[in-house]
1. Positive end of the dipole of the chain, charges at C-beta (+1 Lys, Arg; -1 Asp, Glu), about the Cα centre: which of 68, 43, 8 has its Cα farthest in that direction?
2. Got a sec? Charge dipole of the stretch 2-99, +1 on Cβ for Lys and Arg, -1 for Asp and Glu; which of 21, 95, 57 is way out at the positive end?
3. Between residue 81 and residue 7, what is the label-point separation in nm under the 7 Å Cα-to-beta-carbon projection?
4. Please express the shape of the stretch 2-99 as an equivalent ellipsoid: the semi-axes are the square roots of 5 times the eigenvalues of the C-alpha gyration tensor, given largest first in whole angstrom.
5. Mind checking which of 54, 12, 86 has the largest fluctuation in a GNM of the chain, springs on alpha carbons under 10 Å?
Amino acid sequence: MADRIREALMDLPVVEEKKMFQGVCFMVDDKLCVCVRDNSILCRIGEQQAAIELEKGNCNQMVSGERVMKGYVYVEDFTLQTTAQLNYWINLCLAFNPLAEASKKRKRSK
């Protein structure tokens, strides 16, 4: 799955891969865009779009501990068999990316 996402994002000027959330996350313009983890992808699509997609029933809300992570959804890989299915979610992530806030950079200890 990571290779498929890598290929879909290869024409973007600023993409970085980071190990996060027990998987590989693809950062676009220093902002988390999409992650691959186990048998699913984590998509950052914003609260409004997440509500729409959750209503359709084709994804699950991200929950970290007891905290609901609004704007983030998990999509199971069995629903991403075709390029069109994967591109649908990647395009949602890329559409939200310019609106997303970048996380604050952590200062490294010396």
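1. Value: 68.
2. Most positive-ward Cα: 21.
3. Distance between the two pseudo-spin positions: 1.7 nm.
4. Each semi-axis is the square root of five times an eigenvalue, giving 19, 15, 14 Å.
5. Largest GNM mean-square fluctuation: 12.
Read-outs throughout are calculated quantities, based only on the coordinates presented, and are distinct from any laboratory measurement. Everything numeric in this text was worked out from a predicted model, so none of it was measured. Positions of Cβ are backbone-derived with ideal geometry, glycine not excepted, and every protein chain shown enters the neighbour counts.
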